[in-house]
Amino acid sequence: MAMIEVGFERQNFHPLKRKSALLLKLIAVVFAVLLFCEFLIYYLVIFQCNWPEVKTTAYDGEQASREPVLKAMFLADTHLLGEFLGHWLDKLRREWQMERAFQTALWLLQPEVVFILGDVFDEGKWSTPEAWADDVERFQKMFRHPSHVQLKVVAGNHDIGFHYEMNTYKVERFEKVFSSERLFSWKGINFVMVNSVALNGDGCGICSEAEAELIEVSHRLNCSRELLWWLQPRLVLSGHTHSACEVHHGGRVPELSVPSFSWRNRNNPSFIMGSITPTDYALSKCYLPREDVVLVIYCGAVGFLVVLTLSHLGLLASPFLSGLNLLRKRKTR
C-alpha cells in the first residue's frame, strides 16, 4: 500500500512541476516585454540624440571670446485629454508615453530650459474649474523637473480658445499656473514668448492688445538705445501644426514648426534640441519611440506566449524538440 501511495504522489508531482515552470516562463516574458516597451525603449531611442554643435567663438575686433551655449528643448502640442473627450485608456497610454519620454530626455540630455509651445491641454478652452485643476495636477506630475531646469509654457488655442472665444478669465487662469512672462533672458539670449492666438486678423481688439504687448517687449529689449521699435528675431519656433515644417519670412527669418510630442497626434513624435549662443544657433530633431514599433513588439510577444503555452500543453510540437528528434534520427542511420 505504501508503494502505491508513493507512485500516485510522483504521478501528481510532474504535471504540477510542468505548470509551475510554464507559469514562471510566462511571467518572465511578460515582465521583460513590459520593462522594455514601457521604460527601456525610451532610453534606447533618446540616447541616440545629441546636442547640435554651434560656434562658440565671437570676435570683437582682434580679440576672440568664448560665448556661453544655452541648451534648450522645444516641444509642442501635448494635448492632455480632458474629462469630456478623453477616454481613460487613451489618457493612460498617451500621458504615460509623454511622461516617460520627458523624464528620460531630462535625465539623458540635461537641458537648461524647456519650452512648450502651446496646446498643453486638449480641453482648456471649455474645461470647468474642477477639470482644469485636475488637468494641471496631471501636467505637473508628468512634466516635473529639477529646480535648475527652467520650464516655459506658451498658451495655445486649446488652452484658452481661439481669438473669438478667448476671455479674461481663461487667459488669467492659464497665466496663474504658467506665468504671464513675455520676455525671458538667459546667457545673453532673449526669448520672446508670444500668444499667437491673438494675432488673427479678424480679432481687431485682441490684435491691438497683442500689438501693444509686442511694442512693450520691443522697448524693454532696446531700452538703452531705442534703435528698434519692432522685434527683429533671428529664429521663430512655433507649434499648432503637429508636424515639422520650415518657412522663411521675407526670405530672411526662418520659422520652424515643432511637431507634436504625443502619440495621439503622431506615430513618430519628436522635439527640437537647440544649442544657442548670443550670436548663433544650431537645431536638431530628436525622435521618440514610434507607437507602431511598440505595438508590433507587444503583438509578437502575445504570439510567442501562445506558442509557448501550446508547446507546454503538448498541443504544438516545440521547434527545439523537433530539431533534437531530427538530429537523433540522422545519427541512428
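Annotations for the structure displayed:
- Checking VAL294, VAL302 one by one, the residue that is surrounded by fewer than 15 Cβ atoms within 10 Å (Cβ to Cβ) and either assigned to a helix (DSSP H, G or I) or among the polar types (S, T, N, Q) (or both) is VAL302 and no other.
- Listed by position, the helices (runs of 4 or more DSSP H) contained in region 28-142 that have at least 1 residues being over 22 Å from ARG266 (Cβ atoms) and of a type outside the set (Val, Ile, Thr) are 88-109, 129-142.
- Residue in region 155-163 that is within 21 Å of ARG266 (Cβ to Cβ), touching a Gly at 6+ places or on another chain (Cβ under 7 Å), open to solvent by 20 Å² or more (accessible area, probe 1.4 Å) and in contact (Cβ under 8 Å) with a residue 40 or more places away in the chain present: yes
- Any chance ARG66 is out of contact with any Leu (no Cβ under 9 Å at 6 or more places or on another chain), of a type outside the set (A, V, I, L, M) and open to solvent by 40 Å² or more (accessible area, probe 1.4 Å): yes
- Any hit, region 309-326, residues being open to solvent by 60 Å² or more (accessible area, probe 1.4 Å), at pLDDT below 90 and among the hydroxyl-bearing types (Ser, Thr, Tyr): no
- Selection count where residues are in a loop (DSSP other than H, G, I, E, B) and touching a Lys or Arg at 6+ places or on another chain (Cβ under 7 Å), scope region 153-180: 2
- Only listed residue being of a type in the set (Asp, Glu), open to solvent by 50 Å² or more (accessible area, probe 1.4 Å) and either touching a Gly at 6+ places or on another chain (Cβ under 8 Å) or modelled with pLDDT under 85 (or both), chosen from GLU255, GLU246: GLU246
The values are calculated or read from the model by the stated rules, or taken from the named source; none is laboratory data. Values in this document were obtained by computation on a predicted structure and should not be read as measured data. Cβ sites come from the backbone with ideal geometry, for glycine too, and all protein chains shown count toward neighbours. Quick note on the areas: whole protein, heavy atoms, side chains included, nothing else; ligands and nucleic acids left out. Shrake-Rupley method; radii C 1.70, N 1.55, O 1.52, S 1.80 Å.
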